[in-house]
1. So if we plug the beta-carbon distance of Thr9 and Leu130 into 1/(1 + (r/R0)^6) with R0 = 22 Å, what FRET efficiency do we get, rounded to 0.05?
2. What is the order of Val18, Val150, fewest Cβ neighbours within 10 Å to most?
3. Find how much the distance from Ala97 to Ser58 grows on full extension, using 0.36 nm per residue of separation minus their present alpha carbon separation; answer in nm with one decimal.
4. Just to confirm a number: summing +1 for Lys and Arg and -1 for Asp and Glu over residues other than Ala141 whose beta-carbon lies under 13 angstrom from that of Ala141, what do you get?
5. Kindly provide the helix-only [θ] at 222 nm of the chain, computed as the sum of -39,500 (n - 2.57) over DSSP H runs of four or more divided by all residues, to the nearest 500 deg cm²/dmol?
6. Please give the helix 54-63 orientation as an angle from the longest Cα principal axis of the chain, in degrees from 0 to 90, rounded to the nearest 10.
7. Among 47-54, 1-8, what's the highest-first ranking by average C-beta atoms within 10 angstrom per residue?
8. Quick one: grab Rg to one decimal and Dmax as a whole number for the chain, Cα atoms only, in Å.
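Taken together, the values in this text are just the output of simple stated rules run on the coordinates, not laboratory data. Source: prediction; values computed, not measured. Backbone-built Cβ (ideal geometry, glycine too); neighbour counts: all protein chains shown.
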Amino acid sequence: MDLFTAVETRRSVKHYDVSEKMTSSEFNQLIQATMLSPTSYNIQHWRFLRVTDSRLRSRLKDAAWGQQQVEDASELIILCADINAWKDRPERYWADAPREARELLVPMLTDFYRDKPQLQRDEAIRSCGLAAQTMMLAAKALGYDTGALVGFDSDKVAELINLPEGYLIGMMIVVGKASKAANGRGGQLALGEVLFENQF
Ligand SMILES: Cc1cc2nc3c(=O)[nH]c(=O)nc-3n(C[C@H](O)[C@H](O)[C@H](O)COP(=O)(O)O)c2cc1C
């Protein structure tokens, strides 16, 4: 599928055909594509939790105020991020780069994030956002629909998935085939309200 077709036809789908399942090779392709998303200093903060346990899916649906897509979609992926990834063996993020580049970048990134908890958290969220969009477009290209969700009790979900200390939950993504198309678009803002030139 052409990228612009994927961008234009991706919609947040809420109703899924429970009989439609992603194959494991499609799921693998989806995750591999998602992992090519950009991250600042290539830190790759994201940690993808794939929920395959149907009882857990049901409990997560309850924590998401009964949103049925959490239970019905073929895949439920909880996009989490390790806020402290910047200091967790950062040489890994440049393992394949020439040694001179690695020796320059690793101390640089460590200095950039040290003692800046807000920035560390912002960056983890940014990485989740970029990964989420790659995932949704890649799923569309594979013939699947998606939905992003933040409508859930974060503390409850953290408890249910045993979220490690220092991790955050970016969002949930459901992937599957629609049983009912998305409603019409809510309405896009006018270009003049969102696009500026040089200064606000
Ligand atoms: C981070 C994020 C969280 C969202 N959370 C929910 C949600 O919990 N439940 C829901 O029905 N839709 C949710 N949405 C879908 C938005 O309402 C939807 O993206 C928006 O209305 C635009 O529609 P479209 O995605 O079909 O273009 C979420 C979207 C994003 C990006």
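1. Rounded to the nearest 0.05, the efficiency is 0.65.
2. Listed from fewest to most nearby Cβ atoms, that is Val150, Val18.
3. Numbers: separation 39, 0.36 × 39 = 14.04 nm, distance 4.36 nm.
Length difference between fully extended and current span is 9.7 nm.
4. Local net charge: -2.
5. About -12500 deg cm²/dmol.
6. 80 degrees
7. Packing order, densest peptide first, comes out as 47-54, 1-8.
8. Spelled out, the Cα radius of gyration and Dmax of the chain are 18.5, 54 Å.
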